[in-house]
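The values are calculated or read from the model by the stated rules, or taken from the named source; none is laboratory data. Because the structure is a prediction, the values reported are computed rather than measured. Glycine gets a Cβ as well: all are built from the backbone with ideal geometry, and neighbour counts include every protein chain shown.
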Amino acid sequence: MSTGDDAIRGVRDHDGRPSRASVGRLSLYLRRLEGFLRQGLLKVSSGQLGEALGITDAQVRKDLTHLGHLGQPGIGYPVRELVGAIRRGLGIDRDWAVAVVGVGNLARALLRYRGFQQRGFRIVALFDSDPGKVGQVVDGLKVHPPEAMAEVIAATGAELGVVAVPSEAAQGVADALVAAGVRGVLNFAPVVLRLPSTVSLVSVDLTVQLEQLAFLVQMHGPE
């Protein structure tokens with residue numbers, strides 16, 4: 001069974017795959033490399049990437065070994081080739097169809113954010129249990145009732161689901177998404193979800209992040 005702690009399912013050290021921390025750094029490398037491309041830089045060293053992100057060049061090289069044999073000692077990595085390798089490694093060298101459940105302020109903000117489309121994530125279906133919202137068109141998408149989830153997800157090919165509902169409804173929504181065929185769930189509800197091991201789960205709890213930030217600030221103490 002999965003929990004909110006399983007932030008990236010299937011990414012484990014013991015089977016040779018990159019760790020969760022390494023996967024997070026790959027996303028940061030990608031953003032930095034795209035910045036290098038915009039600057040016209042064609043080659044980059046592990047030292048340059050490490051300096052940009054505040055980590056050692058040895059850690060950069062270790063992370064990038066999961067992508068295959070890239071770059072040459074003393075020469076560096078071809079930026080375009082590395083960008084392509086990271087995109088393939090992260091699975092974003094293709095489009096992903098996304099279904100969102102819960103058409104509140106969060107969902108509307110997600111719909112307005114165009115960065116998802118640039119990364120290949122397309123929101124293709126909206127669901128809400130509020131009869132007053134069902135049938136509305138939000139950002140070009142019709143809001144469907146939960147009862148239509150299996151049919152709509154099958155028709156749209158959605159593989160990822162976003163849970164943006166109150167905590168008491170989150171588990172039922174996640175179960176319905178899984179039953180409808182989604183392969184991964186992004187959970188914004190402040191609750192631990194339990195899903196089959198075949199379904200990947202990422203949980204985003206901003207309160208937890210703020211609590212961790214408060215702890216770090218407290219540990220540093222006053223200047």
### Query
With respect to the numbered conditions (1) acidic (Asp, Glu); (2) in contact with a helix residue (DSSP H, G or I) (Cβ under 8 Å, 6 or more places away or on another chain); (3) free of Cβ contacts under 8 Å to residues at least 24 places away in the same chain, which one is the sole condition not fulfilled by ASP175?
(2)
### Message
Can you tell me which condition SER2 does not meet? The list is (1) at pLDDT below 70; (2) over 30 Å from ALA174 (Cα atoms), and all the others hold.
### Response
(2)
### Query
Can you tell me which residues in segment 81-98 are basic (Lys, Arg) and touching a residue at least 40 places away in the same chain (Cβ under 8 Å)?
ARG87
### Query
Hey, any hits in segment 201-208 for a residue that's assigned to a strand (DSSP E or B), polar (S, T, N, Q), surrounded by 15 or more Cβ atoms within 10 Å (Cβ to Cβ) and modelled with pLDDT of 95 or more?
no
### Message
Any residue that is under 30 Å from ASP175 (Cα atoms), within 15 Å of the chain's Cα centre (by Cα), of a type outside the set (Asp, Glu) and assigned by TED's automatic domain parsing to the domain that holds ALA180 - is there at least one of those in segment 123-139?
### Response
yes
### Message
Can you say whether GLY102 is in contact (Cβ under 8 Å) with a residue 24 or more places away in the chain, assigned by TED's automatic domain parsing to the domain that holds ALA164 and touching a Lys or Arg at 6+ places or on another chain (Cβ under 7 Å), as far as the supplied structure shows?
### Response
no
### Query
So which of ARG17, ARG61, ARG87, ARG25 is of a type outside the set (Val, Ile, Thr), assigned to a helix (DSSP H, G or I), at pLDDT below 90 and in contact with a helix residue (DSSP H, G or I) (Cβ under 8 Å, 6 or more places away or on another chain)?
ARG61
### Message
Quick check on ALA150: is it exposed (fewer than 15 other Cβ atoms within 10 Å of the Cβ), closer than 24 Å to GLN171 by Cα and assigned by TED's automatic domain parsing to the domain that holds LEU177?
### Response
yes
### Query
In segment 76-96, how many are surrounded by fewer than 17 Cβ atoms within 10 Å (Cβ to Cβ), in contact with a strand residue (DSSP E or B) (Cβ under 9 Å, 6 or more places away or on another chain) and over 18 Å from GLY50 (Cα atoms)?
2
### Query
Restricting attention to segment 171-188, does a residue exist that is surrounded by fewer than 16 Cβ atoms within 10 Å (Cβ to Cβ), modelled with pLDDT under 95 and within 18 Å of the chain's Cα centre (by Cα)?
no
### Query
Residue check, GLY132 against (1) surrounded by fewer than 19 Cβ atoms within 10 Å (Cβ to Cβ); (2) in contact (Cβ under 8 Å) with a residue 12 or more places away in the chain; (3) part of a loop (DSSP other than H, G, I, E, B), all met but one. Which one?
(2)
#### Entry: Hits in segment 100-123 - residues which are in a strand (DSSP E or B) and either hydroxyl-bearing (Ser, Thr, Tyr) or crowded, with 17+ Cβ neighbours inside 10 Å (or both)
VAL100, VAL101, PHE121, ILE123
### Task
Kindly establish whether ASP57 is surrounded by fewer than 17 Cβ atoms within 10 Å (Cβ to Cβ), more than 22 Å from the chain's Cα centre (by Cα) and not β-branched (Val, Ile, Thr).
yes
